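The values are calculated or read from the model by the stated rules, or taken from the named source; none is laboratory data. Treat the numbers as computed from the prediction; the structure is a model and nothing was measured. Positions of Cβ are generated from backbone atoms using ideal geometry, with glycine treated the same way; all protein chains shown enter the neighbour counts.
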Amino acid sequence: MSPNNALQPLQARWRQLSAQEKNLVRLAVALVLGALVWQLSLKPALTTLRTADAQARTLDTQLQHMQALQAQAQTLQKQPVLGFDEAVRALTSTTQQTLGATAQLSIAGERANVTLKNASPDALAGWLAQARLNARSVPMEARLVRATAPGNPASVTWSGTLTMSLPPR
């Protein structure tokens, strides 16, 4: 069936319509086309325009954070290389000062194993930062369990083991 044959009944029906009916059909077609144009082109563009400022602020915040991390990484790269013994001393000192009795440190080869028992999240976070800065030691493996005190869900502690890297001997 050719397109002309398919349109012949519609064209015949169109000729039978009165002028007022033709105008109503044209108006309906115009409304449908207008709705399509709105949904497919104008509405997404306006939504993007409305959210652009919030997205720009979010991206600026992320950029500032990334730049701070970059500056921190560059600072760490500029620090002198620590020897094995200095790194062990710094890690031992940091562990005693920051985690105290909640941690035990043992050295095995070029790794330090830290066993935690009910360490506070703030102390653990501070210790990790100090271990990275002072001893140039980063976690290689972590097996930690989060615990909350019965009846006090706001009281969180961490227990488990951390394996930290040390410089070669």
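Look at E86 and say whether it is within 30 Å of S165 (Cα to Cα) and of a type outside the set (S, T, Y).
yes
Can you tell me how many residues in segment 139-153 are more than 19 Å from T102 (Cα to Cα) and either in a strand (DSSP E or B) or touching a residue at least 40 places away in the same chain (Cβ under 8 Å) (or both)?
3
Given the condition part of a helix (DSSP H, G or I), over 31 Å from the mean Cα position of the chain (by Cα) and on the phi > 0 side of the Ramachandran plot, answer yes or no: does some residue in segment 74-86 qualify?
Checked segment 74-86: no residue is part of a helix (DSSP H, G or I), over 31 Å from the mean Cα position of the chain (by Cα) and on the phi > 0 side of the Ramachandran plot.
Please determine, by comparing only the residues of segment 46-68 that are among the hydrophobic types (A, V, I, L, M, F, W, C) and exposed (fewer than 10 other Cβ atoms within 10 Å of the Cβ), which one is nearest to the chain's Cα centre (by Cα).
Per the criteria, the residue is A54.
Looking at the structure I just gave you, is T95 assigned to a helix (DSSP H, G or I), touching a strand residue (DSSP E or B) at 6+ places or on another chain (Cβ under 9 Å), among the β-branched types (V, I, T) and modelled with pLDDT of 90 or more?
So T95 fits the description; yes.
Checking the condition in contact with a Ser or Thr (Cβ under 7 Å, 6 or more places away or on another chain) and either closer than 18 Å to R136 by Cβ or in contact (Cβ under 8 Å) with a residue 24 or more places away in the chain (or both), which residue from A87, A71 passes?
A87
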